[in-house]
Amino acid sequence: MTDVLVVGGGVAGLVAARAAVLAGSDVALVEASTRLGGAVAGEEVAGLRLDTGAESVAARGGAALDLLAALELPVVAPAEHGAWLETANGAHPLPAAGVLGIPGSPLADDVRAVIGGRASIRAWLDRVLPLLTVGREQNLGALVRRRMGPAVLDSLVAPVVANVYAVDPDEAEVDSLAPGLNGALTRTGSLSAAVLQLRESAPAGSAVKGIDGGMHALVAALERDLARFGVDVRTRTPVTSIRRSDDGWRATTDEDVLHADRIVVAIDGDAARGLLAPLLPGLLEEWPAPHRTVVVTLVVDAPALDTAPRGSGVLVAPGVGGVTAGALTHSSAKWPWLAAQLPASRHALRLSYRGPAADLASESTALADAARLLGVPRDELRVVGSAVSDWRQESQRALLGMRRRIEDVRSAVAELAGLEVTGAWVAGTGLASVIADADRAGRAV
């Protein structure tokens, strides 16, 4: 019998277990797979341990950065190279003054370069359109299309939202992806002015942070902390069911029944809903599936990349021909610590493939895409190492109507004494959201 049992050893489970033990509970953690960390992982490629899952964390909120500080991990900012867009009319720097790709200054040179003068004027007309005064616009695609026109949506917003959040803008909820945007729109009278107001109110500094040595160092640090606090951690221990008992909770595994006063479910969405369905009838049916993402990591010798010709990387607009990847990150240009570990003219790249494109992801496909997106001949990229990693991205919270469904699930869970649920499927996309919610769950249970 233990005070708290955490089911799941991804970052959410590790953070929840740490929070619970710091609150004074005796804690055990079980993980179905052979390793801890979930979507935060590293792999040896060409003699370097590189992030093959999450590589950064949003600086917003503070819980994630507070955790990194508590674990004494060296936090670093990315280099200020800027990102690019690959659109139907070529490659362009990503406009600077935007939120989710929505431009704050539609007539700026960097916006006109991407969508053209006529489309920029159409976007600027947002400043004189009547303000929506009845209700709140929740469909991100509809909002951008109505206020600024289809060119802004297709060439600026869609590449960002699809590749960062893994959702179609026409299926995305405004308040989930851009909290405060609706309120700013009401206050300022236009979408572009609302974007500028949000940017002005954002904290100074880089929007994302990393760890010197790679984000995968977070997992090792959490493991060390849990060992230091005496948390019983078991891998290869899948939980097949959970149920309430007279003295708390019981979790059934393939070999045992574990008893705990309280329990935290911190596994991926499909598995979590399978465990929770008998406890929450009628709330978890017909849940949207997660998105499959394949990340191909390449380490290449390429003097042509020494000048970082596409900055920190490239986002690809939908419908661009001849490219399978949705995004490319020039990792060694983005992270100075990584560049310092590489010999001269050696570079680390990572390319992301989602949806049907994930089935086509391979070293050869990634090499062809990298050459196209970086604007260099393919024969000038000599591969010295590669890795292919297959992930599931829990982006359902960003979909229209899902925030309310998740709130209903949380309300029902709150009625079951001693149960907490956390993880990306309820917390939202990104490590910052996951860490904050997992810390809450571990303290609350």
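For the range 44-97, the spread of Cα positions along the three principal axes, ordered from largest to smallest, is 46, 35, 17 Å. The long axis of helix 191-201 is offset from the longest Cα principal axis of the chain by roughly 60 degrees. With the simple model of a label 7 Å out from the Cα in the direction of the Cβ, D175 to V257 spans 4.3 nm.
The simple spin-label model puts a point 7 Å past each Cα toward its Cβ; for H81 and R410 those points are separated by 3.7 nm. Its Kirkwood hydrodynamic radius, worked out from the mean inverse distance over all distinct Cα pairs, puts the range 249-358 at 18.1 Å.
Given the chain, what percent of its DSSP beta bridges are antiparallel, to the nearest 5? DSSP beta bridges in the chain are roughly 75 percent antiparallel. If every alpha-carbon in the range 139-192 counts as one equal scatterer, what log10 I(q)/I(0) does Debye give at q = 0.12, 0.19, 0.26, 0.31 1/Å? So the normalised log intensities work out to -0.24, -0.61, -1.08, -1.31.
The helix-only estimate of mean residue ellipticity at 222 nm for the chain, built from DSSP H runs of length n ≥ 4 each weighted as -39500 (n - 2.57), is -9500 deg cm²/dmol after division by the residue total.
For the chain, the fraction of 1.4 Å probe accessible surface lying on carbon and sulfur atoms is 51 percent.
With loop defined by DSSP as not H, G, I, E or B, and exposure as at most 14 other Cβ atoms within 10 Å, which is the longest segment of the chain clear of exposed trypsin sites (Lys or Arg not before Pro)?
Looking at the chain, 237-445 is the longest stretch - no exposed trypsin sites (Lys or Arg not before Pro) with at most 14 other Cβ atoms within 10 Å.
Averaged over its residues, the chain has an accessible area of 42 Å² per residue, based on protein heavy atoms and a 1.4 Å probe. One decimal place: the segment R49-E380 gains 116.8 nm when fully extended, by the rule 0.36 nm per residue minus the C-alpha distance. Our summary gives the range 15-128 a relative contact order of 10 percent, counting only alpha carbon pairs under 8 angstrom and 6 or more residues apart. Across the chain, the mean sequence separation of Cα contacts (distance under 8 Å, 6 or more residues apart), normalised by length, yields a relative contact order of 25 percent.
Helix 431-444 against the longest principal axis of the chain: what's the angle in degrees, Cα atoms only, rounded to the nearest 10? With both axes taken from Cα atoms, the answer is about 20 degrees. Computed as a quarter of the hull surface, the mean projected area of the alpha carbon convex hull for the chain stands at 21.4 nm².
You can think of it this way: the chain between V388 and E72 has 110.7 nm of extra reach, that is 0.36 nm per residue less the Cα-Cα gap. Loop-located GluC sites (Glu not before Pro) in the range 25-128 (DSSP state not H, G, I, E or B) with no more than 15 neighbouring Cβ atoms inside 10 Å: E72, E80.
Taking 7 Å steps out from each Cα toward its Cβ at N139 and S33 produces label points 3.6 nm apart.
Were the residues from T307 through R443 laid out at 0.36 nm apart, the gain over their Cα-Cα distance would be 44.3 nm. Accessible surface ranking for D359, D261, D306, 1.4 angstrom probe, highest first: D359, D306, D261.
Computed with a 1.4 Å probe on the full set of protein chains, the accessible area for V7 sits at about 10 Å². In the distance distribution for the range 172-224, Cα-Cα pairs more than 12 Å apart total 72 percent.
The values are calculated or read from the model by the stated rules, or taken from the named source; none is laboratory data. Bear in mind that the values here come from a model prediction, so they are computed numbers and not experimental data. Note that each Cβ is placed from the backbone with ideal geometry, even for glycine, and that neighbours are counted across all protein chains shown. Please note that ligands, DNA and RNA were not included when accessible areas were found on the heavy atoms of the full protein model with its side chains. Shrake-Rupley method; radii C 1.70, N 1.55, O 1.52, S 1.80 Å.
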